[in-house]
Amino acid sequence: MEKKRIVVKVGTSTLTYDTGKLNIRVIEELAAVLSDIQNSGSQVVLVSSGAIGVGAQKLGFKTHPRDTAGRQAAAGVGQTELMFMYDKFFAQYSNTVAQLLLTKGDVLDEVRKTNLKNTFDKIFEYGAVPIVNENDSVSTEEIEFGDNDTLSAITAKLVSADLLIILTDIDGLYDDNPRTNPNANLIETVEEITPEIEAIAGGSGSVRGTGGMITKISAAKIAVNSGIDVAVINGSDVKNIYNVLSGDFRGTYFKAKK
Ligand code: GLU
């Protein structure tokens, strides 16, 4: 399948180990695969979580701070560390990254939204890779997207992407929770996000990120309703992204409404 503009979302559970420390191999592989896809003529956007988790770990905390100011401060630390690593590894593949930190207000306001679109277009024109996160250091509950799955779908919409790939710590959407039911089956294709599909997603989740499968389904809904295909795949092997592009992959494919 010919996909020109691709948004890839990676979450905290893929980017970090159980220790809370960065999974350097994943970051390096992301830099290699996304640079390679960019070299082939496609445009790539990376939506990356990890700011709060990586920051908390770097500050020596065992868990994320509970208070808003604490999380905002941790995000400031973690975002810097993340971008330092992305910059370093993308540079290894002669690629340049641009940091874009968004809040909900940036896409709700028409003027700010247009400015943002123009910025994305320029970054694409310059051949750099936008790396997007929520602006966690300034966003509070009232103005936040809340989770990066939603942010990735809104970003995909903003840049009129052809495809959104959500990397997670499970192979895709199952008809039951595979962590408790060994007979659960992977749902390979979702033609339409029905209430049944949403109900199935209710039970699953992961420990270190914000979103479980529920936020992935609501993100997929935003994207498919905007004509964007969505693939939810296991991020444990970043090279799975190539399989999505070749149309033969293990994961769940949500077909765009045309
Ligand atoms: N923006 C948050 C962070 O970078 C992550 C939100 C999420 O995991 O969905 O820490």
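Is one or more of the residues making up region 176-198 within 16 Å of the ligand (Cβ to nearest atom), open to solvent by less than 50 Å² (accessible area, probe 1.4 Å) and in contact (Cβ under 8 Å) with a residue 40 or more places away in the chain?
No, region 176-198 has no match at all.
Tell me, which helices (runs of 4 or more DSSP H) lie completely within region 12-98 with 1 or more residues that are in contact with a helix residue (DSSP H, G or I) (Cβ under 9 Å, 6 or more places away or on another chain), among the hydroxyl-bearing types (S, T, Y) and within 11 Å of the ligand (Cβ to nearest atom)? So that I can check it myself, show each step before the final result.
Numbers: elements: 12-15, 24-39, 51-58, 68-92.
In region 12-98, 12-15 are the helices (runs of 4 or more DSSP H) which contain 1 or more residues that are in contact with a helix residue (DSSP H, G or I) (Cβ under 9 Å, 6 or more places away or on another chain), among the hydroxyl-bearing types (S, T, Y) and within 11 Å of the ligand (Cβ to nearest atom).
Does any residue of region 226-243 turn out to be within 25 Å of V33 (Cβ to Cβ), surrounded by fewer than 16 Cβ atoms within 10 Å (Cβ to Cβ) and polar (S, T, N, Q)?
The answer is yes, given that some residue of region 226-243 is within 25 Å of V33 (Cβ to Cβ), surrounded by fewer than 16 Cβ atoms within 10 Å (Cβ to Cβ) and polar (S, T, N, Q).
Which residue is nearest to V47 (Cα to Cα), if the candidates are limited to region 140-150 and must be more than 7 Å from the ligand (Cβ to nearest atom) and in contact (Cβ under 8 Å) with a residue 60 or more places away in the chain? Step through it out loud before you land on a result.
Restricting attention to region 140-150, the residues satisfying the condition of being more than 7 Å from the ligand (Cβ to nearest atom) are 140-146, 150.
When the remaining residues are screened for being in contact (Cβ under 8 Å) with a residue 60 or more places away in the chain, the result is 140-141, 146, 150.
Details: T140: 19, E141: 20, G146: 14, T150: 10 Å.
Ranking the candidates gives T150 first.
Scan region 105-146 for residues that are part of a strand (DSSP E or B) and either hydrophobic (A, V, I, L, M, F, W, C) or modelled with pLDDT under 95 (or both) and report the count.
So the answer is 3.
Mind checking which residues of region 99-139 are within 16 Å of the ligand (Cβ to nearest atom), open to solvent by less than 60 Å² (accessible area, probe 1.4 Å) and among the charged types (D, E, K, R)?
The answer is D106, E134, D136.
Of all the residues that make up region 209-248, how many are on the phi > 0 side of the Ramachandran plot and either outside any loop (DSSP other than H, G, I, E, B) or at pLDDT 95 or above (or both)?
Within region 209-248, residues that are on the phi > 0 side of the Ramachandran plot and either outside any loop (DSSP other than H, G, I, E, B) or at pLDDT 95 or above (or both) number 1.
Go through region 62-98 residue by residue and tally those that are modelled with pLDDT of 95 or more and over 15 Å from T140 (Cβ atoms).
Residues flagged as modelled with pLDDT of 95 or more and over 15 Å from T140 (Cβ atoms) within region 62-98 amount to 22.
Give the residue that is nearest to the ligand (Cβ to nearest atom), with candidates limited to residues of region 162-175 that are in contact with a helix residue (DSSP H, G or I) (Cβ under 8 Å, 6 or more places away or on another chain) and assigned to a loop (DSSP other than H, G, I, E, B).
D169
The values are calculated or read from the model by the stated rules, or taken from the named source; none is laboratory data. Remember, predicted model here, so these are calculated numbers, not experimental data. Positions of Cβ are generated from backbone atoms using ideal geometry, with glycine treated the same way; all protein chains shown enter the neighbour counts. Note: areas computed on protein heavy atoms with side chains; ligands, DNA, RNA excluded. Shrake-Rupley method; radii C 1.70, N 1.55, O 1.52, S 1.80 Å.
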